[in-house]
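Encoded as structure tokens, the structure appears first; notes follow it.
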Amino acid sequence: MIHNFNAGPSILPKEVFEEASRSVLDFNYTGLSILEIGHRTPLFQPVMDEARALVKELMSLDDDHEVLFLHGGATTQFMQVPMNLLNENEAAAYMETGVWANKAIKEAKLFGHIEIVGSSKEDNYTSIPKNISVTPTAAYFHITTNETIAGTQWHTMPYDCGVPLVADMSSDILSRQLDFNKFDLIYASAQKNMGAAGVNLVVVNKNILGKVNRALPAILDYRNHIKEGSMLNTPPVFAIYVAMLTLRWLKNKGGVAAIEKENDAKAKLFYDTLDTLPVFKGPVAKEDRSKMNAVFIMEDAALEKEFVDLCKANGMVGVKGHRSVSGFRVSMYNALTIESVKALTDLMKDFAKLHG
Ligand SMILES: *Cc1c(COP(=O)(O)O)cnc(C)c1O
């Protein structure tokens, strides 16, 4: 048995893999592969329609919020967001909470002034800054709701920041209930929590668009994608199909409220265990711990290799920390079962007994 704690691309429900692989061979009993049909056909159009409708339903979006599936990963959104929302003579507010936020900041600087309204750089990104205030003239406020590498997560949203709220939700999209209508733009690459790599979910309040005075390349102008129903050009059909299957799975499970309960239980089991075992240490401030990506280290770094080997021997993959940080990171995305978390925490307890 494999326990997949990979950070991304990452675990998806087994049912999704099964159905997606069947459809590669024979899509809906047509004798055709999902990979060989036109995107503007009566075969694929329902996939796109259902995927967009499921996002609307699962996030309870109002009619101002449009759902798009775009190319280029979240990294493209780092530049597409400021290109569409920020004039050169204006400022946008950003929170600096880690590697991903910094990448977004770097790209945004190409388009206008960037004001860093809070940073956790001082504590090595192990917390989320509190008591922030955003200049009312800022074009928007950008946050990274979950820092996949640092293992931090916003647990209280700055809904009342007074300016359009933009969020990179790549690693915690659809993992918990939020007031999604209070965000003006949400983006997430699919390969963490909602599908295969190759597609990006963008939810945008159409009322914030059309306010920049630069010329926008057609493919980078959100308004064109809205007008064309997310089919401006050939969309990443297979990745959208896998996302649609994952969204269907989520809906059948009871939606975001139901998955949030499971995610809470998994995170509680993991962190409660971590906190009782002195060989391990969680560097992240307790109130800012991520329920998706748990980062931990060892009190005695010399023991790290032994634990890595033990995990490997027990079928646990993706436990080692990001290449930019040491220690460990386990990702507990929607599709990971609590049984996998239990297997890991049992192993941690055994390890602690040996080295207590
Ligand atoms: C993975 C990740 C990204 C980058 O996504 P790509 O699809 O590789 O561009 C951006 N932001 C966050 C928070 C991520 O976890």
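Within the option set Met316, Met332, Met348, Met298, being without any contact (Cβ under 8 Å) to a residue 60 or more places away in the chain and either crowded, with 16+ Cβ neighbours inside 10 Å or in contact with a Cys (Cβ under 8 Å, 6 or more places away or on another chain) (or both) holds for one residue only, Met298. Of all residues in segment 225-238, at least one satisfies being more than 28 Å from Lys251 (Cβ to Cβ) and more than 16 Å from the ligand (Cβ to nearest atom). When the criteria are applied in full, Lys130 fails the requirement of being within 13 Å of the ligand (Cβ to nearest atom), touching a Ser or Thr at 6+ places or on another chain (Cβ under 9 Å) and either open to solvent by 10 Å² or more (accessible area, probe 1.4 Å) or at pLDDT below 95 (or both).
When every residue of segment 248-270 is checked against the conditions, none turns out to be crowded, with 16+ Cβ neighbours inside 10 Å and in a loop (DSSP other than H, G, I, E, B). If you filter segment 272-294 down to residues that are in a helix (DSSP H, G or I) and open to solvent by less than 20 Å² (accessible area, probe 1.4 Å), you find that the one that is farthest from Lys130 (Cα to Cα) is Thr273.
Can you pull out every residue in segment 246-263 that is without any contact (Cβ under 8 Å) to a residue 60 or more places away in the chain and not small (Gly, Ala, Ser)? The answer is Asn252, Lys253, Lys261. If you go through segment 133-163 and pick out every residue that is of a type in the set (Asp, Glu) and without any contact (Cβ under 8 Å) to a residue 24 or more places away in the chain, you end up with 1. Taking (1) open to solvent by 20 Å² or more (accessible area, probe 1.4 Å); (2) within 16 Å of the ligand (Cβ to nearest atom); (3) out of contact with any strand residue (DSSP E or B) (no Cβ under 8 Å at 6 or more places or on another chain) in turn, Leu12 satisfies each apart from (1). So which residues in segment 39-53 are more than 19 Å from Tyr29 (Cα to Cα) and either outside the structural domain of Arg248 (by TED's automatic domain parsing) or open to solvent by 10 Å² or more (accessible area, probe 1.4 Å) (or both), if there are any at all? Selection gives Asp49, Arg52, Ala53. Restricting attention to segment 142-164, the residues that are in a strand (DSSP E or B) and either charged (D, E, K, R) or more than 16 Å from the ligand (Cβ to nearest atom) (or both) add up to 1. Of all residues in segment 111-130, those satisfying the criterion of being part of a loop (DSSP other than H, G, I, E, B) and of a type in the set (Val, Ile, Thr) are Thr126, Ile128.
Selection of segment 165-175 for residues being within 15 Å of the ligand (Cβ to nearest atom) and closer than 16 Å to Met59 by Cβ yields Val166, Ala167, Asp168, Met169, Ser170, Asp172, Ile173, Leu174, Ser175.
The residue of segment 165-187 that is farthest from Ala258 (Cα to Cα), among those that are surrounded by fewer than 24 Cβ atoms within 10 Å (Cβ to Cβ) and in contact with an Asp or Glu (Cβ under 8 Å, 6 or more places away or on another chain), is Leu165.
When you look at Ala190, is it hydrophobic (A, V, I, L, M, F, W, C), surrounded by 24 or more Cβ atoms within 10 Å (Cβ to Cβ) and touching a residue at least 40 places away in the same chain (Cβ under 8 Å), yes or no? Yes, satisfied.
Within this structure, Asn193 passes the test of being within 16 Å of the ligand (Cβ to nearest atom) and in contact with a Leu (Cβ under 7 Å, 6 or more places away or on another chain). A Cβ distance below 9 Å, combined with a sequence gap of six or more or placement on separate chains, defines the contacts here; from segment 211-228, residues that are touching a residue at least 24 places away in the same chain (Cβ under 8 Å) reach residues that are acidic (Asp, Glu) in the pairs Val212/Glu88; Val212/Glu90; Asn213/Glu88; Arg214/Glu88; Tyr222/Glu66; His225/Glu66; Ile226/Glu66.
The values are calculated or read from the model by the stated rules, or taken from the named source; none is laboratory data. A quick note: this is a predicted structure, and the numbers were derived from the prediction, not measured. When we count neighbours, we look across all protein chains shown, and the Cβ atoms used for this are built from the backbone with ideal geometry, even at glycine. The area values use the complete protein model at the heavy-atom level, side chains included, leaving out ligands, DNA and RNA. Shrake-Rupley method; radii C 1.70, N 1.55, O 1.52, S 1.80 Å.
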